[in-house]
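Notes for the one structure printed next.
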Amino acid sequence: MSGTRTKILLAVVLVTAALECVAAAWAYRSRIDPEDWQAVRDAVDELPNNAPVILATEWLGPRARLEVPRLADLDVLGRPDLLGVRVVHVLALGSRTWSNALDDDLAVRLEAERIERRSVGPFHLDSYALRGAELRLVASLLTAADLEIQTPQGLCRGSTVRRCSSGRVALRFAEIDERPRRCWVPEVEDGMTVTFRSSALAAGQRLIGHVGFGDFNGVLRNDAPARIDLDLDGTTAATFLATDAEGWKAFELPIPAGTHEVALRMTAAVLGQWTNDGYSLRSIRPPCVELRAFASASVE
């Protein structure tokens, strides 16, 4: 009798496993043909080059960026927000053509109004006008040709990786709140102030930036804040403190009319991590920062 029960139970398990395999194959069956990707590439190629194309279906990211090169634009992937953008094109698989990440990118000031919808096979490619903050990007710390970075020991030398007397400052991606952000990341001694200076920033009317902490494991072992000082003409005009609990923290400062010297100073009191063996600088949790200067879009 026990042998019969065993056989029945085994048969039930096998049937259940078979049903699950069929259900999984159906749920994850291929929905995108090579012809669909080609149609998307053709549709994206027809869009103006001056507007970003963003993928809303984020889980499809690696494959979509491989198939559609314009989706792999580093500036778009690591964007701080959508301020200064007038039109954005959004690609999505299925009918939901927006995402929580895009909501975050509106930065409170913006509203998105759909102005065109296109169906491309299983995809939708929609165009949105962004309204509410009529700002024009003037300069950025990430691209400024005259950018100087220094510590109290002197200038840091290099391009995307600046070598300093004690450490370095690198322009790279950091994962903050599960989003990639492109920013300057200082890897220097504890408590050392890193100063960023560019004359191009002074041409704007408003400074807007972000600061955050990457490294998921790092923020579990170090919750020390970073301090941002914005200087005008050598005098501190605004100070901001940021912790990893604040995610991608925005800060801003209006620039009075006239000629000014603008600088951003960032100080992280503690960069290392606490482990079972105590405090260690082998693994650090540096902050990352970006800063842009904007003018009114009506000022050309």
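Name the strands (runs of 3 or more DSSP E) wholly inside region 152-265 in which the number of residues that are under 30 Å from residue 58 (Cβ atoms) and in contact with a strand residue (DSSP E or B) (Cβ under 6 Å, 6 or more places away or on another chain) is 3 or more.
Details: elements: 161-164, 167-176, 179-187, 193-197, 206-213, 226-232, 235-242, 249-254.
Output list reads 167-176, 179-187, 206-213, 249-254.
Would you mind telling me which numbered condition in (1) closer than 22 Å to residue 104 by Cα; (2) in contact with a strand residue (DSSP E or B) (Cβ under 8 Å, 6 or more places away or on another chain) residue 133 fails?
For residue 133, the failing item is (2).
Yes/no per residue for (1) of a type outside the set (D, E, K, R); (2) crowded, with 19+ Cβ neighbours inside 10 Å; (3) not in a helix (DSSP H, G or I):
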position: 51; (1), (2), (3): yes, no, yes
position: 59; (1), (2), (3): yes, no, no
position: 62; (1), (2), (3): yes, no, no
position: 66; (1), (2), (3): yes, no, no
position: 71; (1), (2), (3): yes, yes, no
position: 81; (1), (2), (3): no, yes, yes
position: 90; (1), (2), (3): yes, yes, yes
position: 98; (1), (2), (3): yes, no, yes
position: 108; (1), (2), (3): yes, no, yes
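Sort out which residues of region 114-133 are part of a strand (DSSP E or B), of a type in the set (Gly, Ala, Ser) and surrounded by fewer than 17 Cβ atoms within 10 Å (Cβ to Cβ), and write them in order of number.
119, 129
Considering each residue of region 55-78, count those that are over 18 Å from residue 122 (Cα atoms) and in contact with a strand residue (DSSP E or B) (Cβ under 8 Å, 6 or more places away or on another chain), and give that number. Show your work before the answer.
First, pick out the residues of region 55-78 that are over 18 Å from residue 122 (Cα atoms): 69-70, 72-78.
Retained after the next criterion (residues that are in contact with a strand residue (DSSP E or B) (Cβ under 8 Å, 6 or more places away or on another chain)): 70, 73-78.
Looking only at that region, the number is 7.
In region 126-160, how many are of a type outside the set (Lys, Arg) and either outside the structural domain of residue 192 (by TED's automatic domain parsing) or within 30 Å of residue 115 (Cβ to Cβ) (or both)?
Residues flagged as of a type outside the set (Lys, Arg) and either outside the structural domain of residue 192 (by TED's automatic domain parsing) or within 30 Å of residue 115 (Cβ to Cβ) (or both) within region 126-160 amount to 15.
Of everything in region 134-167, what is of a type in the set (Gly, Ala, Ser), within 24 Å of the chain's Cα centre (by Cα) and surrounded by fewer than 19 Cβ atoms within 10 Å (Cβ to Cβ)? Give them in sequence order.
144, 145, 158, 159
The values are calculated or read from the model by the stated rules, or taken from the named source; none is laboratory data. Fair warning: this is a prediction, and the values are worked out from it, not measured in the lab. A quick note on method: Cβ atoms are made from the backbone with ideal geometry, for glycine too, and the neighbour counts reach across all protein chains shown.
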